[in-house]
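Chemist: Shown below is the structure under consideration.
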């Protein structure tokens, strides 16, 4: 057939010469096919131009025209799959791209573009297999290596992901996305200096890479370079004014610098750009809580939880809501928040220790109030004791006590994560801002109990950590400086309002101590004794009363006597009653 001459007999069997029989028909058919092919090429080229320019409806219309001409055109099927993927229709994307692969299994681009659809549907193994197919066809396919690294990173398979990124960069040294992705995984691993270097390489290749500036800001903040981090966020926003993530990151940096009036508008701008941004709602809720706008904070946390009930913003918001509801006396809602947080914590393991601690603690408080709470009787005419501090204030909240025979009702004022060191530190910080705001909201001449827990006295934090960093100092010296600065600050802030300050000691430890070595254990329990002695001595000398919960809970060696602890660090509500009745030291009685 291929060597058929015009003068040969026509293969149709008519007996006529080919030129007198089927040649014209075959030539017409060939011309038609050439015309169709030209039309398809023209439509595909025009569609790609629309597609790359973001004119998706026009691109889709042209791809559809191609498929009407040739329903099995692999390029049109593949590109329709790309449109489906970009629209979030991942199942359709997988179906269309797989059809293209069946027709043309030798194209590595199809496999590379199939992977992200599987990734979006949480089908990582199929995504990885797609990239491996692409690489098998094209061993120097840098994009496929980088994309496979992203999936492996999500699976916490960091070594494999790193190998993929390095392979991609080895193939394509100026591959900006691979340098960026390498920076991301180094950030996740806490290798912050290396992450900075990777982001800077990405920016050297692509100076207008807003995402790299945004992520670089996070790493710089982790290195303590806050001003540089803020500048990096601002650069990202200059390049990309509608960058919600950069506004959110900038807000977080400003919040940490206790610039709430600047941070809050950043979170609000992020939400104006991206209304379903759970992390920004969570951060805005935290900032509003720190500014004392509790109802607005609750509304933001509720929104974050609604948008991301199974993720970290949802967890953070659920725990914060549980605490705020508990402080508002809405115990059923607090219990509901704990139930919502529990499955997230089970999924994330021990990674989020603070959230786990709050959840267990509030859950145990709720059970305690249900079982033993009715025995605590509030008395008519009770005055308020305002209890300011970290999580330990929850044990005292709404507890009726007698102080020198006079009835009081404790009311908590929460400063999340606050340490004695934070308030005694000469530099400004969000904890001091919150403390001053709370003090201003409490009436003149009111009674205040400072109930800040054990964070400064933990075996792996606070005073011991500072001593290990500065071994030329002594534990006693650091404890003295911390206690003295804390008490001086509290006294100075409360004095203009003539508020009566009571200082609570730190309870004996109820931690599991099996994994603490002998010398370290001795240092730890010794610190508890030293720090409480200093708090007691200095507060009484300064005219502040002292609540000696250490003596009440101490078995004699700094370890809990097992009578009053609710969990490993917090006391039961009835311990507050006991402390005021039997372990209250008055400065005026000395």
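Coordinate-derived values only; no laboratory data. None of the values given here were measured: they were computed from a predicted structure. Here the Cβ positions follow ideal geometry from the backbone for every residue, glycine too, while neighbour counts run over all protein chains shown.
Chemist: Starting from the Cα gyration tensor of the stretch 449-567, take the square roots of the eigenvalues, sort them a ≥ b ≥ c, and report rounded, prolate or oblate (rounded when a/c is under 1.5, otherwise prolate if a/b is larger than b/c, else oblate).
Modeler: oblate
Chemist: Now, a different point. Ranked by Cβ crowding within 10 angstrom, fewest neighbours first, how are 564, 368, 414 ordered?
Modeler: Listing 564, 368, 414 from fewest to most nearby Cβ atoms yields 368, 564, 414.
Chemist: Can you tell me the equivalent ellipsoid semi-axes for the stretch 381-589? Use √(5λ) from the Cα gyration tensor, largest first, whole Å.
Modeler: 26, 20, 15
Chemist: Further question: Report, in degrees rounded to the nearest 10, the 0 to 90 angle that the Cα long axis of helix 244-256 makes with the longest principal axis of the chain.
Modeler: So the helix axis and the longest Cα principal axis differ by about 20 degrees.
Chemist: Set the Förster radius R0 to 45 Å, insert the Cβ-Cβ distance between residue 55 and residue 348 as r into 1/(1 + (r/R0)^6), and round the FRET efficiency to 0.05.
Modeler: The pair residue 55/residue 348 has a calculated efficiency of 0.60.
Chemist: Sequence gap at least 6, Cα distance under 8 Å: using those rules, report the relative contact order of the chain to the nearest whole percent.
Modeler: 6 percent.
Chemist: Fewest Cβ neighbours within 10 Å first, please rank 233, 457 accordingly.
Modeler: Ranking 233, 457 by Cβ neighbours within 10 Å, fewest first, gives 457, 233.
Chemist: Let me ask another. Tell me, in nm to one decimal, what length is gained between residue 159 and residue 519 on full extension, where the rule is 0.36 nm per residue of separation less the Cα-Cα distance?
Modeler: In short, 125.9 nm is gained.
Chemist: Order by neighbour count: 408, 243, fewest other Cβ atoms within 10 Å first, most last.
Modeler: 408, 243
Chemist: Any chance you could run the full-extension gain for residue 481 through residue 379? It's 0.36 nm times the residue separation minus the Cα-Cα distance, nm to one decimal.
Modeler: Using 0.36 nm per residue and subtracting the Cα-Cα distance, I get 32.7 nm.
Chemist: Helix 74-86: angle to the longest alpha-carbon principal axis of the chain, degrees 0 to 90, nearest 10?
Modeler: 20
Chemist: Quick check: from the Cα gyration tensor, does the stretch 53-199 come out rounded (a/c under 1.5), prolate or oblate?
Modeler: Because a/c hits 1.5 or more and a/b exceeds b/c, the stretch 53-199 counts as prolate.
Chemist: Quick one: the Cα spread of the stretch 284-346 along its three principal axes, in angstroms, biggest first?
Modeler: Largest first, the stretch 284-346 extends 31, 23, 14 Å along its Cα principal axes.
Chemist: May I pose another question? Where does helix 108-120 land angle-wise versus the long Cα axis of the chain, in degrees 0 to 90, nearest 10?
Modeler: That works out to roughly 30 degrees.
Chemist: While we're looking at this one, here's another question. What distance in nm separates the simple spin-label points at residue 497 and residue 542, each placed 7 Å from Cα in the Cβ direction?
Modeler: About 1.7 nm, to one decimal.
Chemist: Need one number: nm distance between label points at residue 299 and residue 429, each 7 Å from Cα along Cα→Cβ, rounded to one decimal.
Modeler: It is 3.2 nm.
Chemist: How high is the relative contact order of the stretch 381-589? Use alpha-carbon pairs under 8 Å, at least six apart in sequence, and give a whole percent.
Modeler: With pairs under 8 Å counted, the relative contact order is 23 percent.
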